[in-house]
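Undergrad: The structure's right below; bear with me while I get my questions together.
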Amino acid sequence: MPDKKEYPIINREISWLSFNERVLQEAADEGVPVTERFRFLGIYSNNLDEFFRVRVATIRRLIELKRDDPDALNFDPEQLLEKINEINLRQQKQFNQIHQTLLKEFERENIFLVNEEQLTVAQQEFIREFFREHVRPNIFPVMIQNLKRSSFIRDRAIYLAIHLIKKGDKTNEDFALIKVPTSVVSRFVVLPGEAEKSYIIMLDDVIRFNLAEVFSIFDFDDYKAYTIKLTRDAELDIDNDVSKSFIERLSDSLKQRKKGKPVRFVYDQQMPKRMFKTLTQRLRVSGKDNIVAGGRYHNSKDFMAFPNLGGAHLEYEPMPPLQHPDLDGSRSILGVLREKDVMLHFPYQSFHYIIDLLREASIDPKVKSIKMTIYRAARNSKVINALINAARNGKHVTVFLELQARFDEQANIFWAEKMQEEGVRIIQGISGIKVHSKLILIKRREGKELISYANVGTGNFNEETARLYADDSLLTSHPRITQEVEIVFGLIEKTLVSHSNFKHLVVSPYRTRRFFLRMIDNEIRNARLGLRAEILLKMNSLVDEEIVNKLYKASQAGVKCRLIIRGICVLVPGIPGVSENIEAISIVDRFLEHSRVFIFHNGGNERFFISSADFMVRNLDHRIEVGCPILDNQIKAELRTMMDIQWRDNVKARILEKTRKNNYRQVTSEPLTRSQLAIYEYFKTI
């Protein structure tokens, strides 16, 4: 067997930064409508925020661990952090260049982003009235000299640090903080236009323009405002106090998150040094890696909601969800599933079929029970409202709502309490393990039998994200599937202890790792026998080193491996003698590629699986995930067509390789294939 050094592994953090650079490429792509490009800047920034809150925060914890116990780690977290900061700085320069380019593009469309010093007389009057009516009631300045607790600075919010000055008297000054109320007022304020021109001003600048009114009780006559933003460690430390419910312990932990250690402090580099020193001391921010000099505006994540003030050509062409050919609205969905399996492909087809299924089950007198796992729900969830309605109609409704879904914990606690009030049985969290599977189980009395119907999916039951996330969802009454979905619920509800009965579903943490290693081994055996051997895998992230090394071994045996990995990929394709039979691409486009589809040639009898699990340690070993075999030949053909279209993508596919240059794949001998548009057109024809 080759030495370890012959099995290269890219650091997962570095690979993730490479993925986020692909998002930045979409903002730079002149073929993308300009408003959408601006929104991609927001997606990039939002991704980066989460990266610092979770991954960089973890690295900082590891740095402390290394200092306490130098032998505890087999890598140097300080060197890794230095590399991250180097890449981040380079990408931020790209970000700023793209931002300036897009502002010029908007100007060519007669759309102008102006600041408080560029307003016309009419716009000034509009801003004064807008401020008094919508903004002033939501701002509450804090004088920095009165600041007792740094924890009041909220994670990811933006603040204006105000320098209050008396002209001609350098000794007469003060400092204050104002939180910009973007949670209640749009960050982008549309101003009265002139002729064919449209104008937008940032909410930050609306406040800047009105600072004299805010601080009118003081004897100052000049005001300067500098934006700051604090990012905190977002990891939760949940105590083990058995006298509290899990919800109480999680709620306490969420309160502690608000006091998490700062991992990044971004400030306007034009801020006076004396003010900067006072502010960082009061906020207890220190360390060269924690402090980043920035520009006038922060929280570019808000760009995701940038309004379109121009024509339709400034946004993507509409792609309304298509009707599924087997679900025309005139028949019972359960009736269709009694006859055949159905697979929904979001966002190409409507998520409302899931809501319709739950609605039908809630009023069908023969339906006795509904069970469901929910990881992330929409803000105004029709899914949860349908479950509540089912409980009101006397159905036995059981929901496992994952209270530890990162950054959705507070929302899920709210929904859990609301459903409990309405009679829905909520299963408490499982200590040390998350439930990430996407399952529905409906039981219906049909004659003397109790027939089960199930849904197994790759994405969340969230009607908002289902418009943007590309996912697959299998609806079936096949006993092989439904019986084992019931076993999964038994394990979640702790009514079953044995997990040895899974023969069809691929369930983590009990079977997934072992099963897919065996499937790869099977292809290796076939290759060594001189048979055709192929693997086609699509997922969000490929991180698990055991599976990566097995894929290297498969490549060396002659197995053709094709990988479609949206995000992190620690495997290096194309290395002679190691991975020359592995090709890997990443597709980043208007929809977030979120589905997990695994196809194995299996000696000509191809086996297809969908799954909620990526090939990451957490998904394989520390979560309840469910993979499902596809038994219906028509659905297999659909998945094969979709995967083949994606593999042909030569518009939005980037080649994954060691240097992480994110080069677009160029296939000059074939027609241009933009896979998401091609898949949409494919579903129009079936």
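Undergrad: In the range 283-332, what residues are under 19 Å from residue 592 (Cβ atoms), over 22 Å from the mean Cα position of the chain (by Cα) and surrounded by 15 or more Cβ atoms within 10 Å (Cβ to Cβ)?
TA: 322
Undergrad: Restricting to the range 254-275, name every residue that is assigned to a loop (DSSP other than H, G, I, E, B) and at pLDDT 75 or above.
TA: Here is the first cut: in the range 254-275, the residues assigned to a loop (DSSP other than H, G, I, E, B) are 258-261, 269-272.
Of everything in the range 254-275, those that are assigned to a loop (DSSP other than H, G, I, E, B) and at pLDDT 75 or above turn out to be 269, 270, 271, 272.
Undergrad: Only residues in the range 607-618 that are in the same structural domain as residue 533 (by TED's automatic domain parsing) and closer than 19 Å to residue 637 by Cβ count as the first member; pair them with residues that are assigned to a loop (DSSP other than H, G, I, E, B) and of a type in the set (Ser, Thr, Tyr), Cβ under 8 angstrom, at least 6 apart or cross-chain, and list the lot.
TA: Pairs found: 610/458; 610/595.
Undergrad: Among the residues of the range 68-85 satisfying the criterion of being in a helix (DSSP H, G or I) and surrounded by fewer than 11 Cβ atoms within 10 Å (Cβ to Cβ), which is modelled with the lowest pLDDT?
TA: Among those residues, the one meeting the criterion is 68.
Undergrad: Among the numbered criteria (1) more than 30 Å from residue 630 (Cα to Cα); (2) surrounded by fewer than 15 Cβ atoms within 10 Å (Cβ to Cβ); (3) more than 30 Å from the chain's Cα centre (by Cα); (4) at pLDDT 85 or above, which single criterion is violated by residue 278?
TA: If we test residue 278 against (1) more than 30 Å from residue 630 (Cα to Cα); (2) surrounded by fewer than 15 Cβ atoms within 10 Å (Cβ to Cβ); (3) more than 30 Å from the chain's Cα centre (by Cα); (4) at pLDDT 85 or above, just (2) comes out false.
Undergrad: Restricted to the range 522-571, and to residues that are of a type outside the set (A, V, I, L, M, F, W, C), part of a helix (DSSP H, G or I) and touching an Asp or Glu at 6+ places or on another chain (Cβ under 8 Å), which residue is farthest from residue 21 (Cα to Cα)?
TA: 523
Undergrad: Taking strands (runs of 3 or more DSSP E) that fall entirely within the range 595-686, which contain at least 2 residues that are touching a Cys at 6+ places or on another chain (Cβ under 7 Å)?
TA: Result: 607-611.
Undergrad: Could you list all residues from the range 363-381 that are within 31 Å of the chain's Cα centre (by Cα) and surrounded by fewer than 17 Cβ atoms within 10 Å (Cβ to Cβ)?
TA: Going through the range 363-381, the residues within 31 Å of the chain's Cα centre (by Cα) turn out to be 370-381.
379, 380 - these are the residues of the range 363-381 that are within 31 Å of the chain's Cα centre (by Cα) and surrounded by fewer than 17 Cβ atoms within 10 Å (Cβ to Cβ).
Undergrad: If you take the residues of the range 485-521 that are in contact with a His (Cβ under 8 Å, 6 or more places away or on another chain) and in a loop (DSSP other than H, G, I, E, B), which of them is surrounded by the fewest Cβ atoms within 10 Å (Cβ to Cβ)?
TA: Across the range 485-521, the extreme among qualifying residues is 509.
Undergrad: Among the residues of the range 340-348, is any in a loop (DSSP other than H, G, I, E, B) and either among the hydrophobic types (A, V, I, L, M, F, W, C) or within 23 Å of the chain's Cα centre (by Cα) (or both)?
TA: Yes, the range 340-348 has at least one match.
Undergrad: Follow-up question, since we're still on this one. Can you run down the residue pairs with Cβ atoms below 7 Å, 6 or more apart or on separate chains, where the first is in the range 311-340 and modelled with pLDDT of 95 or more and the partner is β-branched (Val, Ile, Thr) and exposed (fewer than 11 other Cβ atoms within 10 Å of the Cβ)?
TA: Partner pairs satisfying both residue conditions: none exist.
Undergrad: Of everything in the range 164-205, what is surrounded by 21 or more Cβ atoms within 10 Å (Cβ to Cβ), outside any strand (DSSP E or B) and either outside the structural domain of residue 228 (by TED's automatic domain parsing) or over 28 Å from the mean Cα position of the chain (by Cα) (or both)? Give them in sequence order.
TA: Matches in the range 164-205: 205 only.
Undergrad: Something else: Quick test of your reading of the structure: residue 296 fulfils all but one of (1) in a loop (DSSP other than H, G, I, E, B); (2) free of Cβ contacts under 8 Å to residues at least 60 places away in the same chain. Name the failing condition by number.
TA: (2)
Undergrad: Would you point out the residue of the range 605-660, among those that are of a type in the set (D, E, K, R) and within 22 Å of the chain's Cα centre (by Cα), that is nearest to residue 504 (Cα to Cα)?
TA: Taking the range 605-660 as the starting set, the residues that turn out to be of a type in the set (D, E, K, R) are 606-607, 614, 618, 621, 623, 625, 632, 636, 638, 640, 644, 648-649, 652, 654, 657-658, 660.
Now narrow it down to the ones that are within 22 Å of the chain's Cα centre (by Cα): 614, 618, 621, 623, 625, 652, 654, 660.
Values: 614: 18, 618: 22, 621: 19, 623: 18, 625: 14, 652: 35, 654: 34, 660: 37 Å.
It comes out as 625.
Undergrad: Something else about it: I need the full set of residues from the range 448-477 which are part of a strand (DSSP E or B), touching a helix residue (DSSP H, G or I) at 6+ places or on another chain (Cβ under 8 Å) and crowded, with 19+ Cβ neighbours inside 10 Å, in order please.
TA: Residues satisfying the conditions are 452, 453, 454, 455, 456, 470, 472, 473, 474, 475, 476.
Undergrad: Answer yes or no as to whether residue 480 is out of contact with any Pro (no Cβ under 7 Å at 6 or more places or on another chain), surrounded by fewer than 17 Cβ atoms within 10 Å (Cβ to Cβ), more than 22 Å from residue 578 (Cβ to Cβ) and at pLDDT 95 or above.
TA: yes
Undergrad: Hey, any hits in the range 636-658 for a residue that's out of contact with any Leu (no Cβ under 9 Å at 6 or more places or on another chain), over 26 Å from residue 10 (Cα atoms) and modelled with pLDDT under 95?
TA: So far as the range 636-658 goes, no, none of its residues is out of contact with any Leu (no Cβ under 9 Å at 6 or more places or on another chain), over 26 Å from residue 10 (Cα atoms) and modelled with pLDDT under 95.
Undergrad: Which of the residues spanning the range 357-392 are in a loop (DSSP other than H, G, I, E, B) and under 23 Å from residue 493 (Cα atoms)? Before the answer, list the steps.
TA: Let us first name the residues in the range 357-392 that are in a loop (DSSP other than H, G, I, E, B), namely 364-366, 375-381.
Within the range 357-392, 375, 376, 377 qualify.
Undergrad: Just checking, how many residues over the range 113-163 are assigned to a loop (DSSP other than H, G, I, E, B) and either touching a residue at least 60 places away in the same chain (Cβ under 8 Å) or loosely packed, with under 12 Cβ neighbours inside 10 Å (or both)?
TA: So the answer is 16.
Undergrad: Only one of 452, 498 is within 19 Å of residue 370 (Cα to Cα) and either free of Cβ contacts under 8 Å to residues at least 60 places away in the same chain or not assigned by TED's automatic domain parsing to the domain that holds residue 366 (or both). Can you tell me which?
TA: 452
Undergrad: Is it the case that some residue within the range 484-494 is in the same structural domain as residue 624 (by TED's automatic domain parsing) and either in contact with a Pro (Cβ under 6 Å, 6 or more places away or on another chain) or on the phi > 0 side of the Ramachandran plot (or both)?
TA: no
The values are calculated or read from the model by the stated rules, or taken from the named source; none is laboratory data. This is a predicted model, so every value here is computed, not measured. For neighbour counting, all protein chains shown are included, and Cβ atoms are generated from backbone atoms with ideal geometry for every residue, glycine included.
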